Amino acid sequence: MTSEVTVGTGAGLDTADMVLNIGPQHPSTHGVLRLRLVLDGERVLSAEPIIGYMHRGAEKLFEVRDYRQIIMLANRHDWLSAFCNELGVVLAVERLMGIEVPERAVWLRTALAELNRVLNHLMFLGSYPLEIGAITPVFYAFRERETIQAVLEEASGGRMHYMYNRVGGLKEEVPAGWTTRARAAIDQVRRRLPDLDNLIRRNEIFLARTVGVGVLTAADAAAFGASGPVGRASGLDLDLRRDEPYLAYGELDVPVVTRTAGDCHSRFEVLLDQVYVSLDLAQQCLDRVDQLSGPVNVRLPKVVKAPEGHTYAWTENPLGINGYYLVSRGEKTPWRLKLRTASYANVQALSTLLPGTLVPDLIAILGSMFFVVGDIDK
């Protein structure tokens, strides 16, 4: 005699839970992430994010690379925010060495960091609707990305991994007339961004898929250490650019975009409104750069050695707060450089967000957490 077990068709039947893996290779996981789900029918009972498939051992490699070489490694963990990743490392080293960066370099760095933030956000503004069935927005998002990308490529020579920061400033001066072309690109993107905005923000189907879905409360966001757009969409009014200014942010008025609903739509709206803010900040920085002259870096010895000691620098990266804990023994390589990445903290919240939701909503929630898996696995 054989017994039959019905798998997950709802209450009232003799059912068994189904264990399902989303990933590690899945189009909505933004990299090699695995979610181990326990399902009852289409409802998620539990979710366990399993990470480590992309682990590059960057923190260990830092220990055998000098202070110029580690910039290249740090450049890559969040591949959508390369300039901002470099920035955190050089700020930590400069703080430990007591280096004062020329004012022109400070304002250029601030402008480039904001342009990099726009590039990061546009990627998610295009790819997130795509994951839940809206094909058109990605074309608009990439049109704007290409406009800004061309400006960053002209200055640095790189399209994704800029390698433009150096300990003590920037690699080199920007090309003649670059600030004018950068401002023109910003104007163009600002003028065309409503095409994307009007297409998706109030789209009925998009609203149905995102409003009230995947609610992350402010208390949970704080408990998991969520930051950036994910934290601010839940009502955490925290932005290091305003609250603990670095670079030239102390001289700028930085509007902080927040929402209180904490759902998928709020996270998307925060990201979208942040693009407008970053375009304005970048333009203000470029106006200031034009008023300044002088070098964009400090002349350093051939071998850079940070004095013995330790320091912690943190920056408001596009995806949230990145921290860099640097320990030096006075050598040309760091004794330890620990990364605190935004994506790692943000993705932990999935274990709380996903239980009780339906499988189709799972994709909407996953995409709205705005993480890059390289930033989780480092």
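The values are calculated or read from the model by the stated rules, or taken from the named source; none is laboratory data. Because the structure is a prediction, the values reported are computed rather than measured. Reconstructed Cβ throughout: ideal geometry from the backbone, glycine too, with neighbour counts over all protein chains shown. Surface areas here come from the heavy atoms of the whole protein model, side chains and all, with no ligands, DNA or RNA. Shrake-Rupley method; radii C 1.70, N 1.55, O 1.52, S 1.80 Å.
Accessible area per residue (1.4 Å probe, heavy atoms of protein chains only) ranks ARG43, ARG259, ARG241 as ARG43, ARG259, ARG241, with the largest value leading. Just check the stretch 272-378 against the gyration tensor rule for me: Cα atoms, a ≥ b ≥ c as the square roots of the eigenvalues, rounded for a/c under 1.5, and otherwise prolate or oblate depending on whether a/b exceeds b/c. Oblate shape, in that a/c is at least 1.5 and b/c is the bigger or equal ratio. Positive contributions from Lys and Arg (+1) and negative ones from Asp and Glu (-1), summed over other residues with Cβ under 15 Å from the Cβ of GLN291, come out at -1. For the stretch 260-378, the solvent-accessible area of protein heavy atoms averages 35 Å² per residue (probe radius 1.4 Å; ligands and nucleic acids excluded). Mean Kyte-Doolittle of at least 0.0 plus a Cα span of 18 Å or more along the axis: flag which DSSP H helices in the chain meet both, please. Correct list, ordered by number: 82-97, 103-131, 264-290. The residue among PHE268, VAL151, PRO102 whose Cα reaches farthest toward the positive pole of the charge dipole of the chain, with charges on the beta-carbon of Lys, Arg, Asp and Glu, is PRO102. Charged side chains reduced to their Cβ positions (Lys and Arg at +1, Asp and Glu at -1) give the stretch 223-378 a dipole of some 900 debye around its Cα centre. In terms of the Cα gyration tensor, with a ≥ b ≥ c the square roots of its eigenvalues, is the stretch 212-328 rounded because a/c is under 1.5, prolate because a/b exceeds b/c, or oblate? Taking the square roots of the gyration eigenvalues as a ≥ b ≥ c, the stretch 212-328 is oblate. Within the assembled protein chains, the solvent-accessible surface assigned to ARG159 is about 100 Å², based on a 1.4 Å probe.
Against the empirical 2.2 N^0.38 Å (N residues), the stretch 90-218 has a Cα radius of gyration ratio of 1.31. The percentage of C-alpha pairs in the chain whose separation is greater than 39 Å is 19%. Taking the DSSP beta bridges with both ends in the chain, the antiparallel portion is around 95 percent.
If you wrap the Cα atoms of the stretch 60-111 in a convex hull and average its projected area over all directions, you get 4.0 nm². Please work out the FRET efficiency for the pair GLU172 and ASN198, using the Cβ-Cβ distance as r and a Förster radius of 56 Å; give the result to the nearest 0.05. That gives a FRET efficiency of 0.90. Length gained on full extension, ALA219 to VAL359: 47.9 nm, using 0.36 nm per residue less the C-alpha separation. Roughly how far apart, in whole Å, are the Cα centres of the stretch 175-195 and the stretch 272-292? Between the Cα centres of the stretch 175-195 and the stretch 272-292 lies a distance of 10 Å. With θ taken as phi - 60° and the Karplus curve 6.51 cos²θ - 1.76 cosθ + 1.60 applied, the whole-hertz 3J(HN,Hα) list for the stretch 299-313 is 5, 10, x, 4, 10, 8, 10, 7, x, 4, x, 8, 8, 10, 10 Hz, x standing for glycine and proline. Centre-to-centre separation between the Cα atoms of the stretch 119-162 and those of the stretch 61-81: 23 Å.
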